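The values are calculated or read from the model by the stated rules, or taken from the named source; none is laboratory data. Since the model is a prediction, treat every value here as computed from it, not as a measurement. Counting neighbours? That spans all protein chains shown, and the Cβs are built from the backbone with ideal geometry, glycine included.
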Amino acid sequence: MKKSMKYILAIAAAISLSISALPNTSVSAKSLSELQKERNDLAQQTKDAKSKLAEAQKKQENVMSEIQAMDAVVNAAQREVDEAQADLDDVNQRLEESKQAYEEATQKREQQFETLSGRMQYFYENSDLSYLEIVLTSENFGDMIRRVQYMDDIMSYDNTMLDELTKTQEEISKRTEEIREEREQSEYLLSVAEDKRNELNGILEEKQALYNSYVQDEAKYNEIVASNEKASEEAQALINKLLAEQAAAEAKARANNSASTQSTYVYTGGTLNWPVPSRAASSSSLSSGYVSRSRPIGSGTEFHTGYDIPASYGSAVVAAEAGTVIYAGWMNGYGNTVMISHGSGLVTLYGHNSSLTVSKGDTVSRGQQIAKIGSTGNSTGNHCHFEVRVNGAHTNPAPYLGVSNIAS
């Protein structure tokens, strides 16, 4: 009886040990799912930010062109103001000169009027004596006539001078009034030119403020893109850590539980299968290689982490080697993506698909269709983005596919 009890206890302990060795797949799967969703959300936010960034940059270019054009218009308006001001200054100077001339003419006329008035009063008051003196003091009749004529000439000259000075004063007064009218016109033209310039300056200030807001938008979206990319990298690092922990747990479970029915393909090296059978396995089939390049969407440069193989929409994408599907869904800028683990830390990635024909956890064989060609995610045309990752890090696909890299 004691022997039977010991046997039962030994079996129970073995079962307990086997169960404890199994990985906590529900927790890992949940954490991995959460991280993948976080990366997908970040990818969509980054895509939106890049779109808005490009829009802000385009608006900057358009507004700057308008500002440059407005600068020329404002400069022309300022020249009009300067010319109107110069005309007004000239009119004001001529008006001052005319006023001064009028005052001088008035003074001369008044002086001449006083002289003439004095003489006329003297002759009026002393006319009899004056003519008697002329008669008595004249040497002869001819001398008398000359003296009388002389007095008449003086009176005539005084009258003539007074008439001329009066006429000059009237002409100056008329000219002064004309200059005043001209000044009013010049002041009006200057006012119109200043209003036009001020209005254009107001428009220019509005456009400059708009340009500054677009510059701020660009900085904001650049910050969002950089922040999201950093967060995405951190999420990927956690994903890689979880995958490694999951793989280690599965390996430990297989070692401790010989009855396990799970099996994982172990990649032993060699050439992988070409993933797009509708295109020849050649460098000439690549549209982009494993290189640093200008971003096809947005601005700046990036390192392209795989091979781009263009093909017609809906064409087959096949597994490069037998293995287990560890991811099948939407991922970051890759769009619809499949990731296959081939063992020994080797994973292949297939991105931008229009649709997927496998699910996470599926076991696939070499050359089996796993997706269809598309242009989802951050893509500019139908193609398969193919990556080779070793222990989570991307690497050059050339030695694995037997197809040379290209420089673009």
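Of all the residues that make up the range 369-408, how many are among the hydrophobic types (A, V, I, L, M, F, W, C) and assigned to a strand (DSSP E or B)? Result for the range 369-408: 7. Is one or more of the residues making up the range 63-72 over 30 Å from Tyr214 (Cα atoms) and modelled with pLDDT of 80 or more? Checking the range 63-72: not a single residue is over 30 Å from Tyr214 (Cα atoms) and modelled with pLDDT of 80 or more.
Could you please let me know if Asp48 is in the same structural domain as Thr176 (by TED's automatic domain parsing), over 23 Å from the mean Cα position of the chain (by Cα), modelled with pLDDT of 65 or more and not polar (S, T, N, Q)? Walk me through how you get there before you give the answer.
Details: in the same structural domain as Thr176 (by TED's automatic domain parsing): yes; over 23 Å from the mean Cα position of the chain (by Cα): no; modelled with pLDDT of 65 or more: yes; not polar (S, T, N, Q): yes.
No, not satisfied.
Within the range 193-210, the set of residues being hydrophobic (A, V, I, L, M, F, W, C) and under 17 Å from the mean Cα position of the chain (by Cα) comprises Leu204, Ala209, Leu210.
Return a yes/no flag: does the range 112-129 have any residue that is surrounded by fewer than 12 Cβ atoms within 10 Å (Cβ to Cβ), in a helix (DSSP H, G or I) and modelled with pLDDT of 75 or more.
Within the range 112-129, none of the residues are surrounded by fewer than 12 Cβ atoms within 10 Å (Cβ to Cβ), in a helix (DSSP H, G or I) and modelled with pLDDT of 75 or more.
Of the residues that make up the range 349-368, is at least one over 38 Å from the mean Cα position of the chain (by Cα), at pLDDT below 95, farther than 23 Å from Ser292 by Cα and not in a strand (DSSP E or B)?
Looking through the range 349-368, at least one residue is over 38 Å from the mean Cα position of the chain (by Cα), at pLDDT below 95, farther than 23 Å from Ser292 by Cα and not in a strand (DSSP E or B).
Listed conditions (1) part of a loop (DSSP other than H, G, I, E, B); (2) touching a helix residue (DSSP H, G or I) at 6+ places or on another chain (Cβ under 7 Å); (3) at pLDDT below 65; (4) surrounded by 15 or more Cβ atoms within 10 Å (Cβ to Cβ) are all met by Ser260, apart from (4). Selection of strands (runs of 3 or more DSSP E) fully inside the range 299-347 by the criterion of at least 1 residues being in the same structural domain as Gly377 (by TED's automatic domain parsing) and among the hydroxyl-bearing types (Ser, Thr, Tyr) returns 301-303, 307-310, 323-331, 335-341. In the condition set (1) surrounded by fewer than 18 Cβ atoms within 10 Å (Cβ to Cβ); (2) touching a helix residue (DSSP H, G or I) at 6+ places or on another chain (Cβ under 6 Å), Val388 is compliant with all but (1).
Exactly one residue out of Asn75, Asn40, Asn92 is at pLDDT 80 or above, surrounded by 13 or more Cβ atoms within 10 Å (Cβ to Cβ) and out of contact with any Pro (no Cβ under 9 Å at 6 or more places or on another chain), and it is Asn92.
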